[in-house]
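The values are calculated or read from the model by the stated rules, or taken from the named source; none is laboratory data. Since we're looking at a predicted model, the values are computed, not measured. Heads up, the Cβs are rebuilt from the backbone with ideal geometry, glycines too, and the neighbour counts pull from every protein chain shown. All accessible areas refer to the heavy atoms of the entire protein, side chains included, with ligands and DNA or RNA removed. Shrake-Rupley method; radii C 1.70, N 1.55, O 1.52, S 1.80 Å.
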Amino acid sequence: MHDQGQPHGPLAGFTVGVTAARRADELGALLQRRGAAVLHAPALRIVPLADDAELLAATKELIGHAPDVTVATTAIGFRGWVEAADGWGLGEQLLDRLRGSELLARGPKVKGAIRAAGLNEEWSPASESMAEVLDRLLAQGVTGRRVALQLHGEPLPGFVEALRAAGADVVLVPVYRWMPPEDINPLDRLLDATVSRSLDAVTFTSAPAAASLMSRAEGRGLLPDLLAALDHDVLAACVGPVTAVPLQAAGVTTVQPERFRLGPLVQLLGVELPARARTFPVAGHRVEIRGHAVLVDDELRPVPPAGMALLRALSERPGWVVARSDLLRALPGAGTDEHAVETAMARLRTALGAPKLIQTVVKRGYRLALDPASDAKYADV
């Protein structure tokens, strides 16, 4: 792993996909600050329900019959509810009802939104987990108690069923809905880039975004290819365990930070991606092969896609000669002319800035000039 203080940044040379609809700019900026190239494709959009009859009906129902407990799950959702009620002229009445109920906040951001509305939360789980909220409610006993549950885009099926089974009167407050993106083209580009391994990682900040990407892949007949890419070559990085559920259910191995925040998610990528890069001692240099660039003795050298394809093919058999015909097959969109290999190889050598890293073996092909002391040539054989 590289020192994060280095000028190129820990994510330099890697390309990361961002599926978030909300806070995508913030996540993209954090990734770019650490050197990553970012491909953004919102996997869904969040539609506020200010004109929605369901939200209005739930708000009126709670004003008419106050809840004993109110569970606020997200800051944006809670704020959206209060703002929508204000728009209907019901803001003060709603706040009065909420003030009289036991307010549970899922995490610190929700606490901030509750306090900004002039209210105070009764309790918040240390884990920021809805499972812990449920445990507390069930331990207290909910028989005959009215529980208002502010939803955010998606229902919480197990949560609601458990409360109702324990005798609670649950009122659902749906503030937002998840919808497919208006323009599906960016999502298709991200899907194609994942399947072709042009991305090194894809980040997920909500379970519906992960489900939406898989649903789009299924619609295009690419789901097996997507799952294979995510399980082997493209890192699936989730902000937390709830977000990871749809991917893990499909058999994809995911990583997530210990603290479920964007900053720790980006820091995790800054550790995981360099650790996955292949490093070789070549012709007296240290060569680390990243997604779209190569570190030669810690100097970042961007390499065009054709050059990266050749370098990967050579690094799969380090120190061994790889025939031109094999290298031609590795070139993206290659035809049958082996001259394309020579052209791409010349560009690759120029990009690397150290021509002796790759040796030409007359009439046979090319080899990565592995240092004799290295045993890396026996790896992957």
> What are the residues whose amide H is under 5 Å from the amide H of R278, where those residues sit 5 or more places off or on another chain and H is modelled from the backbone?
Replying inline: I289
> Among A75, A162, A244, which one shows the biggest mean-square fluctuation in a GNM of the chain, springs joining Cα atoms closer than 10 Å?
Replying inline: A162
> Peptides 121-127, 227-233: what's the order by average Cβ count within 10 Å, highest mean first?
Replying inline: 227-233, 121-127
>> Could you compute how fast region 231-381 diffuses translationally, taking Rh as the Kirkwood radius over C-alpha pairs and applying Stokes-Einstein at 25 °C with viscosity 0.890 mPa s? Give it in µm² per second.
In response: 143 µm²/s
> Gaussian network model of the chain, Cα springs within a sub-10 Å range: biggest mean-square fluctuation belongs to which of G291, G240, G263?
Replying inline: G263
> Rg(Cα) of region 51-134 divided by 2.2 N^0.38 Å?
Replying inline: 1.04
> Per 5 Å bin, what is the whole-percent P(r) computed from every C-alpha pair distance within region 102-146?
Replying inline: 5, 23, 28, 21, 16, 7, 0
> Over all distinct Cα pairs, what is the inverse of the mean 1/r for the chain, reported as the Kirkwood hydrodynamic radius in Å?
Replying inline: 23.6 Å
>> From Cα pairs below 8 angstrom and at least 6 apart in sequence, can you work out the relative contact order of region 275-381, rounded to a whole percent?
In response: 29 percent
>> Suppose only helical runs count, i.e. DSSP H with n ≥ 4. What mean residue ellipticity at 222 nm does that imply for the chain under -39500 (n - 2.57) per run, divided by all residues and rounded to the nearest 500 deg cm²/dmol?
In response: -13000 deg cm²/dmol
> What do you get for Rg/Rh over region 162-290 if you use C-alpha atoms and the Kirkwood form of Rh?
Replying inline: 1.09
> Hey, got the dipole for region 234-367? About the Cα centre, +1 on K and R Cβ, -1 on D and E Cβ, debye to the nearest 20?
Replying inline: 240 debye
> Over the chain, what is the mean sequence separation of C-alpha contacts under 8 Å (at least six apart), divided by residue count, expressed as relative contact order in percent?
Replying inline: 15 percent
> Going highest first, how would you order 318-331, 60-73 by mean Cβ packing within 10 Å?
Replying inline: 60-73, 318-331
> Per residue, how much accessible area does region 18-74 have with a 1.4 Å probe, in Å²?
Replying inline: 44 Å²
>> Please give me the summed charge of the neighbours of A250: other residues whose Cβ is under 15 Å from its Cβ, Lys and Arg +1, Asp and Glu -1.
In response: -2
> Given H placed on each backbone N at 1.01 Å, which residues far from V170 in sequence or on other chains put an amide H within less than 5 Å of it?
Replying inline: V147
> Tell me, what % of the accessible area of region 192-271 is carbon and sulfur with a 1.4 angstrom probe?
Replying inline: 52 percent
> On a 0 to 90 degree scale, rounded to 10, what angle separates helix 223-232 from the longest Cα axis of the chain?
Replying inline: 70 degrees
> Quick one: with all protein chains in place, what share of the accessible area of region 17-71 is carbon or sulfur, to the nearest percent (1.4 Å probe)?
Replying inline: 50 percent
> For region 98-156, what is the accessible area per residue in Å² when the probe is 1.4 Å?
Replying inline: 45 Å²
> Counting only protein heavy atoms, what percent of the accessible surface of region 79-126 is carbon or sulfur at a 1.4 Å probe?
Replying inline: 42 percent
> Looking at the chain, how many pairs of lysines come closer than 29 Å at the Cα, when each pair is eight or more places apart or spans two chains?
Replying inline: 4
>> Using the crude model of +1 on Lys and Arg Cβ and -1 on Asp and Glu Cβ, and no other charge, please compute the dipole size for the chain relative to its Cα centre, in debye to 20.
In response: 1060 debye
>> Tell me the per residue accessible area of region 192-345 using a 1.4 Å probe; a whole number in Å² is fine.
In response: 43 Å²
